[in-house]
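Have a look at the structure below before the remarks.
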Amino acid sequence: MSMPDLEAIAGPYVEMPGGLLPALHAVQHHVGYLPETTARTLAGLFNFGTAEVHGVISFYQDFRTAPPVGPVVQVCQAEACQARGARGLLDAARAHAAGRADVDEVFCLGNCALGPSVAVDGRVHAGVDALTVRRLIDEAGATVAVTPSGAPPALGTVYVPGDSAAVSVGADEVAAAFAAHRNVIRSGSRGALWLEPMIEVVTAAGRVAYGPVTVGDVDSIVEADDGGRDHPLALGRADDLPWLARQQRLTFARVGVIDPISRHDYAANGGTRGLRAALAMTPAEVVDAVTRSGLRGRGGAAFPAGIKWKTVADAQSPVKFVCANADEGDSGTFADRMLMEGDPYSLLEGMAIAGYAVGAGTGYIYVRSEYPAAIRALRAAIAAATTEGWLGGNVLNSGFAFDVHVRVGAGAYICGEETAMLESLEGRRGEVRAKPPLPAHHGLFGQPTVINNVLTLATVPAILTDGPEAYAALGVGRSAGTQVFQLAGNVARGGIVEVPFGITLGELVHGFGGGTASGRPVGAVQVGGPLGAYLTPAQLDLPLDYETMTANQALLGHGGVVVFDDTVDMAAQARFAMQFCAAESCGKCTPCRIGSTRGVEVIDRIIAGTDRAANLALLDDLCDTMASASLCAMGGLTPLPVRSAVANWPDHFHGGRS
């Protein structure tokens, strides 16, 4: 077979700022992998050294330098899937693939409430065990036509989620079955993931929900009366479901309600009101409103958004940028993915407001490659928003110009760190930058840059619409507003819970989550992703706000809550924390790169019973070094889950569980 013209494939990206990564993606998309000549060819096109291009290729897990032998199978091994039985699944998949598929280990697929999760050529499957993964490999290649949204929602119209979590449990097949009888609209998910696929039928009384629905249930639902009162899967009006009615949705107000790509739906449900309000104000007034709202970054650091915006606004530069960090790689988190798939215009609107406020004309959304559906939704929304005049050279006829571009990561968790993300956006290895200078002064391509998480930016339109005082009135103390919590792991009712800060961990785990999926007592809860502390059942009364969590040596992070039952092995979880850090470290600083590797070795000796007292002391000393000397939070916070496990479950490190 003749080799495609790599110069022709990569050529369109040469003039694009930071175009090397998009060019590599394009080559792999066309060829299936990156041929041996890729580094040399692209080095010539981009005026880089061959070694530099090779360094970029070798840094990112997604790039392949050999032809795939078959479908690409990604097996999640992160904490939320571990809590639901994923250990051993990777070995089972690799043993069965035996040269028929490429099986990769990944550390999150954003389907944390329905794991163990496996993706086959980008499509995620939920609740996978060893038998199921063998079947998925055998059946790889079969596709289901996804029914597009149809006419406006007349009576009888059926809303079927197109969200990746719903698709992972059969929503595409359900949509195709309903399309034979009714008009079907693909919405996002309401976030009650244990009920997926949860469909909604438009009736005179409102949208009546049914779930979880299979293809075999479709005919009986079609035949049911308007309210579906007698159908065993009928749940009543979706808005009245207690699990949803108890929430206070601001950021997620439209998710699961609208057709995500419909401009009409977005505008009819409050979309663009925040942007219009902002454009009627001065940029300084917009910054002041965001500051007075008390909005803090939802990505994990919780830095006040208004202060960051003012720093960029005050910077003297003719070129500025807004970057949305959508590299949501923490186990137990999936809110960014669900919002980008279910209400992408809200992110674009928030970015446009930020651009207007700080004087930026260009925005970038950096999305992890594990989110193909979100990438498609964002690209479609950007095209539609530009056509509508919500983006582009004259936003809403205001004279303000703002464009947004999507950039796709390539399988590197560390690129969720803001400066590593900037390096990746510029086409380099995703290595952490030393600070100062801060990105607000010297960010993307050396220019002042606002970097906010997806949820932070998507919340801004509501603040501008309702006023900063309304948002600041929610929550507790300096933790203002609502938090989009994500319940995952071994939990009976996993999904999205958006409520004001201050709810207790127990209210989330038991009140919303219904306890463990296994029915056993809760054994541990990890809050804040893989760098977050493990909390004990005795700590379930802790209020979830930034200050309380910090006072208890814990993190709120991005709002991920991963539940384990009482069979969890906390020594194994501590080992995984170090193993994960070793696998995902950018390698730039020694405490993180070497410390995590040594950490795995030390914990292995502790588990084996080798001089436990001395090795526990050594582990504590190693954690001190990583926490105080690492360049970023990857190495600096990895000791948090390790130390919490040792402190709260000491018997697990003395042969009591391992």
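Under 17 Å from a point 7 Å along the Cα-to-Cβ line of Thr536: which residues of segment 565-582 have their amide N that close?
565-571, 574
Return the long-range amide H neighbours of Val491 (sequence gap of 5 or more, or a different chain), with a cut-off of under 5 Å between placed amide H atoms.
Those lying under 5 Å, H to H, from Val491 are Ala517.
Only four residue types carry charge here, +1 at the Cβ of Lys and Arg and -1 at the Cβ of Asp and Glu. Report the dipole size of segment 206-317 about the Cα centre in Debye, rounded to the nearest 20.
880 debye
Ile451's amide H: which non-local residues (gap 5+, or another chain) put their own amide H closer than 5 Å, with H modeled 1.01 Å from N in plane and none for Pro or chain starts?
Amide H to amide H, under 5 Å and 5 or more residues apart or across chains, Ile451 pairs with Cys323.
Spit out the partnerless Cys residues in the chain, using Cβ distances under 4.7 Å as the pairing rule.
Unpaired cysteines in the chain: Cys108, Cys112, Cys323, Cys415, Cys581, Cys586, Cys589, Cys592, Cys623, Cys632.
If the cut-off is 12 Å between C-alpha atoms, which aspartates and glutamates fall inside it for Lys588, apart from same-chain ones fewer than 8 positions away?
Glu431
I'd like to know which of Pro260, Thr291, Val27 lies farthest towards the positive end of the charge dipole of the chain, counting +1 on Cβ of Lys and Arg and -1 on Cβ of Asp and Glu.
Result: Thr291, furthest along the dipole toward the positive end.
Relative to the present Cα-Cα distance, how much length would full extension add between Glu139 and Asp314 at 0.36 nm per residue of separation?
Between Glu139 and Asp314, full extension yields an extra 57.4 nm.
Go through segment 177-191 residue by residue and turn each phi into a ³J(HN,Hα) via Karplus (6.51, -1.76, 1.60, θ = phi - 60°); whole Hz please, and just put x for glycine and proline.
Taking θ as phi minus 60°, the curve returns 5, 5, 4, 6, 10, 9, 5, 10, 10, 8, 9, x, 9, 5, x Hz for segment 177-191.
Along segment 423-429, what does the Karplus equation 6.51 cos²θ - 1.76 cosθ + 1.60 (θ = phi - 60°) give for ³J(HN,Hα), rounded to whole Hz, x for Gly and Pro?
With coefficients 6.51, -1.76 and 1.60, one gets 4, 5, 4, 7, x, 10, 4 Hz.
So what's the Cα pair-distance distribution over segment 1-159, bin width 5 Å, in %?
Per 5 Å bin, starting at zero, the Cα-Cα P(r) for segment 1-159 comes out as 1, 8, 15, 14, 13, 12, 13, 11, 8, 3, 1, 0, 0 percent.
Within segment 379-396, name every residue whose backbone N is under 19 Å away from a label modeled 7 Å from Cα of Ala267 along the Cβ vector.
380-396
Per DSSP H run of n ≥ 4, the term is -39500 (n - 2.57); total these for the chain, divide by its residue number, and report the mean residue ellipticity at 222 nm rounded to 500 deg cm²/dmol.
Helix contribution divided over all residues of the chain: -11000 deg cm²/dmol.
Alpha carbon centre of segment 41-66 versus segment 268-302: separation in Å?
40 Å
Between (1) 63, 48, 28; (2) 34, 31, 28; (3) 57, 35, 21, which matches semi-axes √(5λ) of the Cα gyration tensor in Å calculated for the structure shown?
Matching the structure shown: (2).
With θ set to phi - 60°, apply the Karplus curve 6.51 cos²θ - 1.76 cosθ + 1.60 along segment 353-365 and write out the HN-Hα couplings as whole Hz, x wherever there is a Gly or Pro.
The phi angles translate into 4, 4, x, 4, 5, 9, x, 9, x, 9, x, 10, 10 Hz.
Would you give the gap between the C-alpha center of segment 495-558 and the C-alpha center of segment 219-260, rounded to a whole Å?
Going from one Cα centre to the other spans 27 Å.
Given Pro304, Thr597, Val133, which one lies farthest toward the positive end of the charge dipole of the chain, if we put +1 on the Cβ of every Lys and Arg and -1 on the Cβ of every Asp and Glu?
The residue sitting farthest along the positive end of the dipole is Pro304.
How would you rank 112-118, 400-406, 514-520, highest first, on the average number of other Cβ atoms within 10 Å across their residues?
Result, highest mean Cβ count within 10 Å first: 112-118, 400-406, 514-520.
How many Å² of accessible area per residue for the chain, probe 1.4 Å?
36 Å²
Pull up the DSSP beta bridges for the chain and report the antiparallel fraction as a percent, rounded to 5.
The antiparallel proportion sits near 55 percent.
Only Lys, Arg, Asp and Glu count, each charged at its Cβ (+1, +1, -1, -1), so figure out the dipole size of the chain about its Cα centre, rounded to 20 debye.
Here the size comes out at about 720 debye.
Quantify, in whole percent, the carbon and sulfur part of the accessible surface of the chain (1.4 Å probe; protein heavy atoms only).
Percent of accessible area from carbon and sulfur atoms in the chain: 53.
With all protein chains present, calculate the accessible area of Tyr13 using a 1.4 Å probe and round the result to the nearest 10 Å².
60 Å²
Provide the percentage of antiparallel DSSP beta bridges, counting only those with both residues in segment 324-480; round to the nearest 5.
Of the beta bridges lying entirely in segment 324-480, close to 20 percent run antiparallel.
Would you tally the net charge around Arg100, using a Cβ to Cβ cut-off of less than 15 Å, leaving Arg100 out, and scoring K and R as +1, D and E as -1?
-2
The values are calculated or read from the model by the stated rules, or taken from the named source; none is laboratory data. Bear in mind that the values here come from a model prediction, so they are computed numbers and not experimental data. Glycine gets a Cβ as well: all are built from the backbone with ideal geometry, and neighbour counts include every protein chain shown. Surface areas here come from the heavy atoms of the whole protein model, side chains and all, with no ligands, DNA or RNA. Shrake-Rupley method; radii C 1.70, N 1.55, O 1.52, S 1.80 Å.
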